[in-house]
1. May I ask you to list pairs of residues, at least six apart or on different chains, whose Cβ atoms are under 7 Å apart, with the first in the stretch 186-208 being within 21 Å of ALA146 (Cα to Cα) and the second being part of a helix (DSSP H, G or I) and of a type in the set (Val, Ile, Thr)?
2. If you check every pair at least six apart or on different chains, which have Cβ atoms under 7 Å apart with a residue in the stretch 59-71 that is in contact (Cβ under 8 Å) with a residue 24 or more places away in the chain and buried (at least 17 other Cβ atoms within 10 Å of the Cβ) first and a residue that is outside any helix (DSSP H, G or I) and of a type in the set (Gly, Ala, Ser) second?
3. Does at least one position in the stretch 123-136 carry a residue that is within 12 Å of the ligand (Cβ to nearest atom), closer than 30 Å to SER2 by Cα, among the aromatic types (Phe, Trp, Tyr) and touching a residue at least 12 places away in the same chain (Cβ under 8 Å)?
4. From the list LEU75, LEU54, exactly one residue is at pLDDT 95 or above, buried (at least 16 other Cβ atoms within 10 Å of the Cβ) and under 23 Å from LYS16 (Cβ atoms). Which is it?
5. For the stretch 116-127, which residues satisfy the criterion of being at pLDDT 95 or above and exposed (fewer than 14 other Cβ atoms within 10 Å of the Cβ)?
6. Which one of these is of a type in the set (A, V, I, L, M, F, W, C), surrounded by 22 or more Cβ atoms within 10 Å (Cβ to Cβ) and touching a Cys at 6+ places or on another chain (Cβ under 9 Å): VAL6, VAL89?
7. Any residue at all in the stretch 184-192 that's in a helix (DSSP H, G or I) and modelled with pLDDT of 95 or more?
8. Here are LEU23, LEU54, LEU49: which of them is over 30 Å from ALA164 (Cβ atoms) and of a type in the set (A, V, I, L, M)?
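The values are calculated or read from the model by the stated rules, or taken from the named source; none is laboratory data. None of these values were measured; they are calculated from a predicted model. As a convention, Cβ positions derive from the backbone with ideal geometry for all residues, glycine included, and neighbour counts pool all protein chains shown.
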Amino acid sequence: MSGLFVSFEGIDGAGKSTHIERLAEALRSQGHVVTLTREPGGTPLAEQLRALVLTEKMDALTEALLVFAARRDHLQTVIEPALARGETVLCDRYTDASYAYQGGGRGVDLEVLATLERWVQAIPASARLRQPDLTFWFDLAPEQAAARLAGARAPDKFEAEPVAFFRRVAQGYARRAAQDPQRFARLDAAQTRDAVWAELLGVVRRKGWLA
Ligand code: TYD
């Protein structure tokens with residue numbers, strides 16, 4: 001028995017965080033055991049790697065190696081055990097973010113990312129890779145996301161990037177979504193928070209995961 005694995009993606013400022021918590025609450029109220037986690041991060045080691053990735057200047061490949069190292073630890077110690085117990089894992093970002101940020105944003109070779117993905121996400125004794133069952137893509141124009149972020153808390157290394165960077169990141173997400181339309185649910189993140197929530201809830205209900 002394997003639990004459900006749901007990831008949440010989008011450029012900085014697209015507004016995914018409140019919805020993750022709200023979905024966790026809704027699922028718990030209907031009996032799901034929910035593990036709410038994030039990438040990079042989710043374990044003590046991966047959180048240390050996150051702190052480095054979000055603050056230190058480094059070359060793009062180093063950045064990619066660190067986010068995949070964090071992912072490996074997270075998968076081994078949190079995600080796989082939770083799924084094996086039949087729990088629902090909600091993850092704030094996963095590998096699509098590496099394709100979007102390191103691939104699209106920074107220009108890391110997508111073949112290199114695909115190789116790391118195959119190493120890190122291999123499921124033992126299976127030909128499969130660990131991928132989410134569903135990925136919510138909060139899609140918002142980079143200009144609008146930048147306007148939302150302006151004046152919020154102090155920006156981290158990524159949030160401080162110019163709009164052109166986020167245009168490339170957004171294209172990275174669009175490419176990933178086009179390659180795997182079954183897994184991706186695109187949400188129009190320009191709507192009001194309640195409208196986005198209603199759309200998200202509709203997707204989860206159609207899957208039969210919530211009444
Ligand atoms: P984010 O998820 O936006 O958290 P917060 O809401 O606390 O800012 O921040 C994580 C950042 O890490 C985000 O800017 C995207 C980046 N990131 C990558 O560059 N590559 C990755 O593989 C992942 C998972 C995240």
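1. Taking only residues 6 or more apart or on different chains, the pairs are LEU187/VAL196; ALA189/VAL196; ARG193/THR18.
2. Partner pairs satisfying both residue conditions: ALA70/GLY41.
3. Filtering the stretch 123-136 for residues within 12 Å of the ligand (Cβ to nearest atom) gives none.
Looking for residues that are within 12 Å of the ligand (Cβ to nearest atom), closer than 30 Å to SER2 by Cα, among the aromatic types (Phe, Trp, Tyr) and touching a residue at least 12 places away in the same chain (Cβ under 8 Å), one finds none in the stretch 123-136, hence no.
4. Values: LEU54 fails: buried (at least 16 other Cβ atoms within 10 Å of the Cβ).
Of LEU75, LEU54, the one residue that is at pLDDT 95 or above, buried (at least 16 other Cβ atoms within 10 Å of the Cβ) and under 23 Å from LYS16 (Cβ atoms) is LEU75.
5. ARG118, TRP119
6. Details: VAL89 fails: touching a Cys at 6+ places or on another chain (Cβ under 9 Å).
That would be VAL6, the only listed residue that is of a type in the set (A, V, I, L, M, F, W, C), surrounded by 22 or more Cβ atoms within 10 Å (Cβ to Cβ) and touching a Cys at 6+ places or on another chain (Cβ under 9 Å).
7. Here is the first cut: in the stretch 184-192, the residues in a helix (DSSP H, G or I) are none.
Within the stretch 184-192, not a single residue is in a helix (DSSP H, G or I) and modelled with pLDDT of 95 or more.
8. Values: LEU54 fails: over 30 Å from ALA164 (Cβ atoms); LEU49 fails: over 30 Å from ALA164 (Cβ atoms).
Residue meeting the stated conditions: LEU23.
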